[in-house]
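The values are calculated or read from the model by the stated rules, or taken from the named source; none is laboratory data. From a predicted model like this one, the values you see are computed outputs, not experimental measurements. All Cβ positions, glycine included, derive from the backbone under ideal geometry; neighbour counts span all protein chains shown.
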Amino acid sequence: MIWTVSFLINSILFGLALAMDAFSVSLANGLHEPQMKLRRMCLIAGTFSLFQTLMPLTGWVCVHTIETLFSAAQRFIPWISLALLLFLGGRMLLEGIRRRGLDDTPPAVGIAGLLAQGVATSIDALSVGFTIADYTWQPAVAEALIIGVVTFGVCMVGLLLGKRFGTRFAGKAEIFGGLILIGIGVEIFITGIR
């Protein structure tokens, strides 16, 4: 593996492609919590970034150690993502319907929900480990870090957009956010079982 400009560009493009699910969930989180502070935004974007960094490395390690076992489990990835996002999106949707017409602010997504979102949106990044299997550990780590940095930036944009529109659609934001999460889960499932 030679360190080139094309390596950097490919890593950034990988990051952008992998971050789209995290962007959508960040958008939903911003809609759900329009008064979110910068510290919380960094926590959310950092969580997604951490998972998007660790998952390709986990996939790379699996290729170099337990490839046959991981290959057998890979067919369950779309099902796991679908289940997690249907659960989280359905819960947000139901809370939005129950809260409809009330002026109170919905509770923020808790740490357990945030971790589940991080896993659900990054689990497909495990397969990136297969595409970088010929890398030595240094470029594999570099690529994963670039993916993580790109994900952080993309998620911050999603959170900012969600917050901006969340204040305009405060009564429907939670419902819309739940629908986004459910839609992402279905999209991951459909593209994953092909």
Could you go through the stretch 71-82 and let me know if any residue there is at pLDDT below 75, of a type in the set (S, T, Y) and surrounded by 14 or more Cβ atoms within 10 Å (Cβ to Cβ).
yes
Among the residues of the stretch 31-49, is any modelled with pLDDT of 75 or more, buried (at least 21 other Cβ atoms within 10 Å of the Cβ) and within 21 Å of G192 (Cβ to Cβ)?
yes
Mind listing whichever residues of the stretch 1-36 are in contact with an Asp or Glu (Cβ under 8 Å, 6 or more places away or on another chain), assigned to a helix (DSSP H, G or I) and either of a type in the set (A, V, I, L, M, F, W, C) or under 27 Å from R164 (Cα atoms) (or both)?
F7, F14, L18, D21, L31, H32
Output the residues belonging to the stretch 121-163 that are in contact with a helix residue (DSSP H, G or I) (Cβ under 7 Å, 6 or more places away or on another chain) and among the acidic types (D, E).
D124, E143
What's the total number of residues in the stretch 93-135 that are among the aromatic types (F, W, Y) and at pLDDT 75 or above?
1
